[in-house]
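Novice: Next up is a structure, given as structure tokens.
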Amino acid sequence: MPGLVFILIILTSFFFTGIVIRTKSIFSGRKGPGIFQPMKDIGRLLQKENVYSQTSSFIFKIAPDIYFASVLIAIMLIPFGNQKGIFSFDGDFVFFAYILAVGKFFSIIGALDTGNSLEGMGASREALYSFLAEPAFFILMGSLALLTGYTSFADIFNGIHFGSYISYAIGTLASFVLVLIAMIENSRMPVDDPKTHLELTMIHEVMVLDNSGFDLGLILHATNLKFAMYGAIIANLFLTPGKEWYFSIPIFIGVQILFAVVVGTLESFIARFRMSHNPQFIFTITSISLLIFFAVLLILGKYF
Amino acid sequence: MSICIVLITILFVLLISFSKEAWSGNIALGAVLVNTGISSWVAVNAVIGHSYLEIINGGPVFGDIPIRVDALSGWFILMMNFTVLTGILYGRRYMKLYENKSGMISLHFACYIINHTSMIGIFIVQNSLAFLYIWEIMALSSFIMVIFEYKKPETLKAGLNFLIQSHICILLLTIGLIWVSSHTDSYDFNSISTYSASVSPAISLILYLYFFIGFAIKAGFVPFHTWLPYAHSIAPAHVSGVMSGVMIKLGIFGILRMLLLVNQNYLIIGYIILIVSLISGVYGVALAIVQHNLKKLLAYHSIENIGIIGIGIGIGAIGIGTKNPFLAFAGFAGSLLHTLNHSLFKSLLFYEAGTIYQTIHTLNIDSMGGLIKKMPQTAILFIIAAMAICGLPPFNGFISEFLIYLGLFDGVHSGSLSITTIFILSIAGLALIGGLALLCFTKAFGIIFLGQARSHFDNEINESEPSKLFPGYLIVFFILIIGLFPQWTMRLLINPAGVFTSGMTDGFPALKIISNLQSISLVAWVFLLAIASIWTIKRFALRNKRMVIAPTWSCGYSEANSKMQYTASSYVRSYRKLIGPFLIMNKKEGEIKGVFSSPIHSQTHPYDKVEAIFIDFPLKIMNKMMARVRFIQNGNMRHYILYGVIFITIIVFISLLSGVAAYLFNLIKQM
């Protein structure tokens, strides 16, 4: 059933951020809200009216819709172990990256539409960091394509399990890269701090200063969905082959929860970088994915 | 067919020169329509598999002139015809503003027709000498079109730059073509392949590189691109559109044609093209981002897109070299499709840039802003083209980049170590280009159309008239067709791309790609459906709520004004700092004096580092050396006559002496 993973990701997105916040509160010695509190906040926002800026045009009104839709479509491309996603074709991860870029394009120009200088600043940073992170993802997928000999999400994740145990080592490295990419894409620590109180130090949060009500709810939930989506990709690296759903679903949920706890832990113990250090950090990810590429070359014996 | 087109062109050029200036645009439109009709008919037949052959007797000078239209020529002719057509549809409205002011309009449109005909000629004529003549006609007619506003000094300067560089291109082509014909005694293009098959591989590689550099100047590969940003930014908008859309593709066509004719080691050629293209792609977009002049920004994007096309050609050639049919097919199909795609969205962007220019009389992005409220249709056309050029689905740019990605990912796991490594780097490069293009076009669209106006304009800003918008909508129609139904376009591409892969495929790569593209088309539709349904749900959820319009949140500051917005320069500032070493930024800044300073100004002008190294520096040295012989040019008429006499004497003596030398040589031989 190809829709299964879609439903699972949607379900995970409901409590993912809740777990992150809960982890952070435990580490900082607070009681903290329940894990469904972020969803309740979003539900409240969805019932509110929208406030639009005088400066903005129709771009500002349609941007959240397109952003949300792009994340939904990206999720439809994610497979579940050896089961294909709703859509699966050769090179679907290229489509995945580019459809997310469509959403980013609109969230950036939506921010520029308000004419607010701080939102322009956030837009500038978002565009800069996302182009820096792009090559890392493509090199990673290229290495996995090299390792398995396939060029679609489903085939790659299927093929990765038929290699030796070294492929799990690569899976671990790959999930490290994916966690970091997810942190950048979702504007979390150490690149951005969603809980900062100063607009000057924000990236994503400052872009949505003028969004309100239903639109803001869409944008916030899109972030949850994106987290769950990257969690699903990571889970795919470790889903055992075989069709047993009672085996793979717990692994999937487990990896997602682990991912959320890792994000919460990272955010509790790492301070946000200075803005000028972010590009260097993002370049590091590209070099790690190059490392994966060389590791794959070694495994395949292409190096003599 | 060809004689017919030439006669029609001459007829219409005469018609333009004898009719009123106001009519010349419509007459040119008529000429373009007729020529497009005739050549497209042949081209469509060629693309679906019926090549066209005609031999014209060119007399004793040219010999037989073969006219061959194969699928490759057909594809390029169709692409070119469409952009030339939208160009004249837009241009005849664009030129209305200059009527009765310059007196150049008739000449301009006459050149437009001649240029169209000469481009058709370049695609079909396969006789070296005739080819060079036609190329020269094309270069001169485009030069006249570029310097339309010749009264501005910077226009003339850029025009001369263009003229000189296009003649360096012709010089290289002449050397290459004459080299071959002096060895084979034939001007037919087929003699190139027989010649290169008969010489050693190293020589045919050098021959190919001659052609490659010649055509690369026309196409605008780095480091041969320096003429391009100047020429594109000063030409009238429709000419820029046609130049960027199709004229630089003549270079791509030449590279592809010579790839077929010159018999060489495809693998090495593939590597060379791939590396040059990667550099062009990344360098082009990296410089595009820091440009303040809208048309210059677009011109640098042409270099980037030429790079993407080149990456396709490079992996295609590597595919042939390694006998990998899928790689070859995906590479050539991707590059041919990107050639078409780029001609669509880039000409559209230039037309809209022209519309903006005629409305607010500036191309400086930093003084624009908020145009979407005054010119919503222009804004929509611009954003569609901007998304297409960034390679975002569901538009056409994505499809061609996707084909190239498919080829690259396939090559990664089927090639040798060196191919794998270079392909991984190409994938990263292509992803980087995509991300940088996103940065660039969010800047362009966001600063030009969104926010508040950044400066005050005296004239009223209005949406342009429908006849000026119409060519834009026509282009958008094709952008959407290719983006949403890529499988249809792919069917048309089977023959043109098959020209290269013939003998190694039995159609399976095409079928595999078509089934892939069908899925993409499906997902693209689902994406549009998802947007529509979210929008509907939002409308439904907000149906009983009032819509509140309030000032932009300005973080507690109450007097926010348009000057406080982010500008194009501030938007890319952190990027500029990041790539600083690759840039030259000329900065002019006033000093703050006293406690209450008078207004000070700060200006930044980006400059091309490649141009500084490869053009300006050698020119400086040349100037220095030439200064030593400047005494020859002293303005004294009697001296000039003396030079003439000396010259004639030397010529006479050389011919005499050569006769003597030949006689002596013969004498020695006989002894």
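Novice: Ordering B:ARG93, B:ARG628, A:ARG125 by how much accessible area each has at a 1.4 Å probe, largest first, what is the list? Can you show the working numbers first?
Specialist: On the way: B:ARG93 65, B:ARG628 185, A:ARG125 35 Å².
I get B:ARG628, B:ARG93, A:ARG125, largest accessible area first.
Novice: In addition: Looking at the square roots a ≥ b ≥ c of the eigenvalues of the Cα gyration tensor of the range B:500-585, which shape do they give, rounded for a/c under 1.5, prolate if a/b is larger than b/c, or oblate?
Specialist: Working: a/c = 6.37, a/b = 1.38, b/c = 4.60.
Because a/c hits 1.5 or more and a/b fails to exceed b/c, the range B:500-585 counts as oblate.
Novice: Rounded, prolate or oblate, given the Cα gyration tensor of the protein assembly as shown, with a/c below 1.5 counting as rounded? Numbers along the way, then the final one.
Specialist: Details: a/c = 1.91, a/b = 1.49, b/c = 1.28.
Here the protein assembly as shown falls in the prolate category.
Novice: Do any of B:LYS587/B:LYS620; A:LYS104/B:LYS468; B:LYS101/B:LYS296; A:LYS24/A:LYS61 go past 29 Å between their Cα atoms, and which? The partial results should precede the final answer.
Specialist: On the way: B:LYS587/B:LYS620 22 Å; A:LYS104/B:LYS468 31 Å; B:LYS101/B:LYS296 26 Å; A:LYS24/A:LYS61 34 Å.
Violating the 29 Å limit, Cα to Cα: A:LYS104/B:LYS468; A:LYS24/A:LYS61.
Novice: Ordering B:MET243, A:MET39, B:MET625, B:MET564 by accessible area with a probe of 1.4 Å, largest first, what comes out?
Specialist: Descending order: B:MET625, B:MET564, A:MET39, B:MET243.
Novice: State the percentage of accessible surface on the range B:232-328 attributable to carbon and sulfur atoms; use a 1.4 Å probe and exclude ligands, DNA and RNA. Before the final figure, lay out the partial values.
Specialist: Numbers: 1020 of 1500 Å².
So the carbon and sulfur contribution to the accessible surface is 68 percent.
Novice: With charges only on Cβ, +1 for K and R and -1 for D and E, what is the dipole size of chain B about its Cα centre, in debye, rounded to 20? Before the final figure, lay out each step's value.
Specialist: Details: 42 positive and 26 negative charges, 331 e Å.
Once rounded to the nearest 20, the dipole reads 1580 debye.
Novice: Given the protein chains as shown and a 1.4 Å probe, how many square angstrom of B:LYS669 are accessible, to the nearest 10?
Specialist: 150 Å²
Novice: Follow-up. Which angle from 0 to 90°, rounded to the nearest 10, does the C-alpha axis of helix A:37-46 make with the longest principal axis of chain A?
Specialist: Approximately 50 degrees, to the nearest ten.
Novice: Just to confirm a number: summing +1 for Lys and Arg and -1 for Asp and Glu over residues other than B:HIS601 whose beta-carbon lies under 9 angstrom from that of B:HIS601, what do you get?
Specialist: Working: positive: B:LYS588; negative: B:GLU589.
Neighbour charge sum, excluding B:HIS601 itself: 0.
Novice: Could you tell me how many degrees, from 0 to 90 and to the nearest 10, lie between the Cα long axis of helix A:213-238 and the main elongation axis, the longest principal axis, of the Cα atoms of chain A?
Specialist: 10 degrees
Novice: Taking only DSSP H segments of four or more residues, each worth -39500 (n - 2.57), what value at 222 nm results for chain A once the sum is divided by all its residues, to the nearest 500 deg cm²/dmol? Before the final figure, lay out each step's value.
Specialist: Numbers: 11 runs with 211 residues, N = 304.
After summing the helix terms and dividing by the residues of chain A, the value is -23500 deg cm²/dmol.
Novice: Something else now. Between B:ASP185 and B:LYS593, what is the label-point separation in nm under the 7 Å Cα-to-beta-carbon projection?
Specialist: Using points 7 Å along Cα→Cβ, the separation is 8.0 nm.
Novice: What is the helix-to-structure angle for A:166-185, meaning the angle in degrees between its Cα long axis and the longest Cα principal axis of chain A, kept from 0 to 90 and rounded to the nearest 10?
Specialist: Result, in degrees: 10.
Novice: Over chain B, what is the mean sequence separation of C-alpha contacts under 8 Å (at least six apart), divided by residue count, expressed as relative contact order in percent?
Specialist: Numbers: 964 pairs, mean separation 77.5, N = 671.
Worked out over chain B, it gives 12 percent.
Novice: Provide the solvent-accessible area of A:VAL191, counting protein heavy atoms only and rolling a 1.4 Å probe, rounded to the nearest 10 Å².
Specialist: Solvent-accessible area, nearest 10 Å²: 0 Å².
Novice: Can I ask one more? Let me cross-check B:ILE534: its accessible surface, 1.4 Å probe, with only protein heavy atoms counted, in Å² to the nearest 10?
Specialist: We get 20 Å² for B:ILE534.
Novice: Between rounded, prolate and oblate, where does the range A:249-291 land on the alpha carbon gyration tensor, with a ≥ b ≥ c its root eigenvalues, rounded for a/c under 1.5, else prolate if a/b exceeds b/c?
Specialist: Details: a/c = 4.48, a/b = 1.60, b/c = 2.79.
Because a/c hits 1.5 or more and a/b fails to exceed b/c, the range A:249-291 counts as oblate.
Novice: Which Rg and Dmax, in Å, describe the Cα atoms of chain B?
Specialist: Calculated on Cα positions, Rg and Dmax stand at 27.2, 112 Å.
Novice: Where the centre of each part is set by its Cα atoms, how far does the range B:51-110 sit from the range B:482-554, in angstrom?
Specialist: The distance from the Cα centre of the range B:51-110 to that of the range B:482-554 comes to 33 Å.
Novice: Can you tell me what percent of all Cα-Cα pairs in the range B:630-670 are more than 12 Å apart?
Specialist: Values: 555 of 820 pairs.
Cα-Cα pairs in the range B:630-670 separated by more than 12 Å: 68 percent.
Novice: If you average the C-alpha positions of the range B:179-213 and of the range A:89-157 separately, how far apart do those two centres end up, in angstrom?
Specialist: 45 Å
Novice: Let me ask another. Could you state the accessible area per residue of the range B:437-550 in Å², with a 1.4 Å probe and every protein chain left in place?
Specialist: On the way: 5370 Å² over 114 residues.
Counting only protein heavy atoms, the per-residue value for the range B:437-550 is 47 Å².
Novice: Taking the Cα centre of each part, how many Å lie between the range A:252-304 and the range B:239-312?
Specialist: Taking the Cα centre of each part, the range A:252-304 and the range B:239-312 sit 34 Å apart.
Novice: Kindly sort B:TRP179, B:TRP227, B:TRP535 by accessible area of their heavy atoms, largest first, with the probe set to 1.4 Å. The partial results should precede the final answer.
Specialist: Working: B:TRP179 60, B:TRP227 10, B:TRP535 110 Å².
The most accessible residue leads, giving B:TRP535, B:TRP179, B:TRP227.
Novice: Over chain A, give the accessible area per residue in Å² for a 1.4 Å probe, as an integer. Kindly include the intermediate steps, with their values, before the conclusion.
Specialist: Numbers: 10460 Å² over 304 residues.
Result: 34 Å² per residue.
Novice: Leaving out ligands, DNA and RNA, what percent of the accessible area of the range B:630-670 is carbon and sulfur, probe 1.4 Å? Can you show the working numbers first?
Specialist: On the way: 2950 of 3860 Å².
Of all accessible area on the range B:630-670, carbon and sulfur atoms account for 76 percent.
The values are calculated or read from the model by the stated rules, or taken from the named source; none is laboratory data. Since this is a predicted model, take the numbers as computed values, not measurements. So basically every Cβ, Gly included, is an ideal-geometry build from the backbone, and we count neighbours across all protein chains shown. For accessibility, only protein heavy atoms count, side chains too; no ligands or nucleic acids. Shrake-Rupley method; radii C 1.70, N 1.55, O 1.52, S 1.80 Å.
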